[in-house]
Amino acid sequence: MTAARPATARLPRAERVRKRPDFVRAQTSPDARLRAQSFLLLLVATDPAAPARLGVVASKKVGGAVERNRAKRLLREAFRRNKALFGAGVDVVVIAYPELAAQSLGGVLAELEALAGRIRQKTAELARRAARRHAGPAAS
RNA sequence: GCAGGCGAACAGGCGAUCGCUGGCGCGGGGUCCUCGGACCCCGCGCGGGAGGAAAGUCCGAGCUCCGCAGGGCAUGGUGCCGGGUAACGCCCGGUGAGGGUGACCUCGAGGACAGUGCAACAGAAAGCAAACCGCCGGUCGGCGCGGCCCUCGGGUCUCGCCUCCCCGGUAAGGGUGAAAAGGUGGAGUAAGAGCCCACCGCGACCACGGCAACGCGGUCGGCAUGGCAAACCCCACCCGGAGCAAGGCCACAUAGGGAGGCGUUCGCGCCCGCUUCGGCGAGCGCGUGAAGGGUUGCCCGCCCGAGCCUCCGGGUAGGCUGCUCGAGGCGCGCGGCGACGCGCGCCCUAGAGGAAUGACCGCCGCCGGAGCGAGGGCGACCGCGCUCCGGCACAGAACUCGGCUUACGGUCUCCUGCGACC
RNA sequence: CGGGGCGUAGCGCAGCCUGGUUAGCGCAUCAGACUGGGGGUCUGAGGGUCGGUGGUUCGAAUCCACUCGCCCCGA
């Protein structure tokens, strides 16, 4: 498995949420929900062996195509620089709010930093639960 | 210098670092395998990676499918003329009308003697003629001057003035309106009127110029063709429908699920089985007929046709392809007033798919503000240099082109008007 | 990609097709009356760039073109 490579500040296809059902699962039944000033973080547990994946949602409420692209790029950049924060086995779906279009990268990083403690706590909890679940019926 | 018009090109630049993506090359791993290879994943390297509007989706096409793509009607669209183009509702050049002192700009600009309709309020009257006030004439009546007669009361005649009603003439004037059947001037008359005349306008005809729209000139007609077709409509021309979630290939999955409805004709030939030798049944072919379906609004025609239609329920919404070389760009030459066409040469210029083309830092550039410094001017102030701060538009490809429309930043060529100076 | 609808007073709507007289209705607002006061009822009043810009017309909320914003449906 190539996921054994040390985590770098890259964001290849395998580390992005790319299927509609995955987005729907995160939005309808998230395992954790964390609110920042200009975005909303949704966490949902997946296969513990898989790397953390990012998915960004920027609706028309954010603005036109330029603003929505800007919002998604900012969030991807912030996630890319803080991948270690989320560990593995989790889908991170971020919903952008309209204020995000006017935000700078420094501001987004600061907002993410403010949530860092709670993110670490939640992801660790999810990892423990997943480990227990896989230890039992994994023999089948 | 200020104000404005037409057009053109551009869309901040350079460097460093960290990323994304498709192409090529090398290396590693995996799947399939006809052992040649194909496909997928990962890493490294190289070079590519938004627009003039990528936008709105208002038109026109290419492309793909709809079994074939025929005729008519309806609907819809276009609407001065000629040209350009693959095509257009676009563009170019003209014509006409309108706007601007001008450079220039704007225009849905066919038809109102084919028909139907509309015009509030006001006004006499709103479409075919008519006449409210007014003006003029007349009858009757009244008053007056004069003449004649006379029974001195008056009667009668001519003329003048006044006048309700009535009869007739008139459409110049008044008034209403967006609009009242040509306009101005004269002549004329009882008053008036294209009744007549001149000019203008309008219409018809003729001649000339122009491919044409139309222009120009002449002659004639006294002038009974009002407005609205972005009201219905008429005329001419155009138009089959859907859209890359089109369409193709592969993989996976459910299982021929339930309910209701309409149908499954007839003849001939061949052949098989049974036969009480009369026939009966099954199959194939040809013809015919039929529920229903296709022809994407309707009809005709054509085609499919033993199954079809409706509702409920269930499953899949993964990969590859279409996907970027095209009515393609750029340059030069030739033809054309121009849109554009022709020829030659050069170039390959994004192809994503929860959706890339980015983030951040430094330097430079442009604009605005503040401060400091030296300078010019009596002065308000002016330009120069440095430092700091802020800003640098509108906006993001989703099959691809040609247009239109809208959004938006500064720059420049040429041109116009006004002002000042030489 | 394709199709449809809406925008009129603070709020919810009519009027638009078939152009015309003062753009109408309900709630809300304000004033007055009834009541000792509140509520409620009655009477009266105010409040409109008809989303925007052009055009057609004598005249436009209404017709036409462009445009802005919002909503819905189908694949």
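Is one or more of the residues making up the range A:72-87 within 22 Å of A:P12 (Cβ to Cβ), of a type in the set (G, A, S) and in contact (Cβ under 8 Å) with a residue 40 or more places away in the chain? The answer is yes, given that some residue of the range A:72-87 is within 22 Å of A:P12 (Cβ to Cβ), of a type in the set (G, A, S) and in contact (Cβ under 8 Å) with a residue 40 or more places away in the chain. Does A:F39 meet the test of being within 8 Å of RNA strand B (Cβ to nearest atom) and among the aromatic types (F, W, Y)? No: the conditions fail for A:F39. Taking first residues from the range A:46-63 that are hydroxyl-bearing (S, T, Y) and partners that are more than 11 Å from RNA strand B (Cβ to nearest atom), the Cβ contacts under 6 Å between residues at least 6 apart in sequence or on separate chains come to A:T46/A:G89.
Looking at the range A:88-102, which of its residues are without any contact (Cβ under 8 Å) to a residue 40 or more places away in the chain and surrounded by 19 or more Cβ atoms within 10 Å (Cβ to Cβ)? Listed by number, the list holds a single entry, A:A101. In the set (1) among the aliphatic types (A, V, I, L, M); (2) within 9 Å of RNA strand B (Cβ to nearest atom); (3) more than 15 Å from the chain's Cα centre (by Cα), the condition left unmet by A:A49 is number (2). For A:V92, indicate whether it is within 14 Å of RNA strand B (Cβ to nearest atom), under 28 Å from A:R132 (Cβ atoms) and modelled with pLDDT of 80 or more. So A:V92 passes the test. Pairs meeting the criteria (first residue in the range A:18-34 and basic (K, R), second residue within 7 Å of RNA strand B (Cβ to nearest atom), beta carbons under 8 Å, at least 6 apart or on different chains) are A:R18/A:G55.
The values are calculated or read from the model by the stated rules, or taken from the named source; none is laboratory data. Nothing here was measured: the structure is a model prediction, and the numbers come from that model. Glycine gets a Cβ as well: all are built from the backbone with ideal geometry, and neighbour counts include every protein chain shown.
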